[in-house]
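Q: Quick one: this structure, given as structure tokens, is what I'll be asking you about.
The values are calculated or read from the model by the stated rules, or taken from the named source; none is laboratory data. These numbers were taken from a predicted model, which means no experiment stands behind them. No Cβ is skipped: glycine too gets one built from the backbone with ideal geometry, and neighbour counts run over all protein chains shown.
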Number of protein chains: 2
Amino acid sequence: MRIRLIWEGRTKNTQLRALEEDYTARLKHFAELVVEEIRPASKQAAREAVHRNERITAPERRLLEKVKHGYKVFLDASGRHWTSEEFSAWLGEQALRGRQELVFLVGAPGGFSAAFKQQADLLLALSRMTLTRDWARALLLEQIYRGFTILRGYPYAK
Amino acid sequence: MRIRLIWEGRTKNTQLRALEEDYTARLKHFAELVVEEIRPASKQAAREAVHRNERITAPERRLLEKVKHGYKVFLDASGRHWTSEEFSAWLGEQALRGRQELVFLVGAPGGFSAAFKQQADLLLALSRMTLTRDWARALLLEQIYRGFTILRGYPYAK
């Protein structure tokens, strides 16, 4: 099962970037992992995308085309608030079903437009609290890693 | 308003420790901040404390004595799941009421015993997902910082 993580631009916070790299390296023991830092939409375009909810923008359409063969998980505050055990069970289920590719999309803090969110197979929330995009990326990687350690009964620091 | 953060032992993960230090430094613009790394309970004692729920242990009693003048917030998965805005509003309310001291206690991932939890003025959860103690410390500091930036209308990275 391949796991693709897609987000806009490079993670700016040095420590969170280091955490990201650390968990990316650890995760490679469990899954084929691809992190794709796509070109950020202009601020203007991002603002418009959130407010203009009725239809998908051209960059969003191109992004959906890129991930059309995967199961699409968008990180969004309006999504499911799972425990790590629930998330891990879901990961295991995907592997059991022979899912080829999981795609995780981390957006801007403003979130995704309603029209774009409708394209997700799953909306997932990490916390009710607001996380910067850098925190969300690092924590998502940590939780995917934790999910696999739970599935495999692998020891993991508490 | 003084903010005391109390936890057992030094944060081990280098990056999360650096994040902790970064947010500690930033928070000093907003509040008097004290981080106290207390001596960890023995593993045996910690295990016993969680299972023996009927009464408070001697180290817990000493800890409660140390913080008896403060408003006690224990981080616990069974606590309130607030948004950052709700947490920020609560912080502002504490300051308005002239609260002298807020004490945040971050425990082991096993959590606190039921008897000890009853001593809290507030139980607070950062996420339904399990966080290592190192992650919980860094994220708590980040959310306190975010809370103050919301209260003061201070610009903060997204």
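Q: Please verify whether the stretch B:101-114 includes one or more residues that are small (Gly, Ala, Ser) and at pLDDT 95 or above. First the steps, then the outcome.
A: Filtering the stretch B:101-114 down to residues small (Gly, Ala, Ser) leaves B:107-108, B:110-111, B:113-114.
With at pLDDT 95 or above added as a condition, the list becomes none.
No, that holds for no residue.
Q: For the stretch B:1-17, what are the residues that are outside any strand (DSSP E or B) and either surrounded by fewer than 17 Cβ atoms within 10 Å (Cβ to Cβ) or more than 14 Å from every other protein chain (Cβ to nearest Cβ) (or both)?
A: Correct list: B:MET1, B:GLY9, B:ARG10, B:LYS12, B:THR14, B:ARG17.
Q: Among the candidates A:ARG146, A:ARG137, A:ARG133, single out the residue that is touching a helix residue (DSSP H, G or I) at 6+ places or on another chain (Cβ under 8 Å) and facing chain B (nearest Cβ under 8 Å).
A: After ruling out the rest, the residue left standing is A:ARG146.
Q: Quick one: count up the residues across the stretch A:102-130 that are within 14 Å of chain B (Cβ to nearest Cβ) and touching a helix residue (DSSP H, G or I) at 6+ places or on another chain (Cβ under 9 Å).
A: 12
Q: Could you list, in sequence order, the residues of the stretch B:82-103 that are more than 12 Å from B:SER127 (Cα to Cα), touching a residue at least 24 places away in the same chain (Cβ under 8 Å) and of a type outside the set (A, V, I, L, M, F, W, C)?
A: B:GLU85, B:SER88, B:GLY92, B:GLN94, B:ARG99, B:GLN100, B:GLU101
Q: Shifting gears a bit: Quick one: which residue in A:GLN143, A:GLN94 is part of a helix (DSSP H, G or I), surrounded by 14 or more Cβ atoms within 10 Å (Cβ to Cβ) and in contact with a strand residue (DSSP E or B) (Cβ under 7 Å, 6 or more places away or on another chain)?
A: A:GLN94
Q: Looking at the stretch A:62-81, I want the residues that are within 14 Å of chain B (Cβ to nearest Cβ) and within 20 Å of A:ALA136 (Cβ to Cβ) and have a partner that is surrounded by fewer than 18 Cβ atoms within 10 Å (Cβ to Cβ) and of a type in the set (Ser, Thr, Tyr) with Cβ atoms under 9 Å, at least 6 apart or on another chain. Which pairs are those?
A: Final answer for the pair search is A:ALA77/B:THR83.
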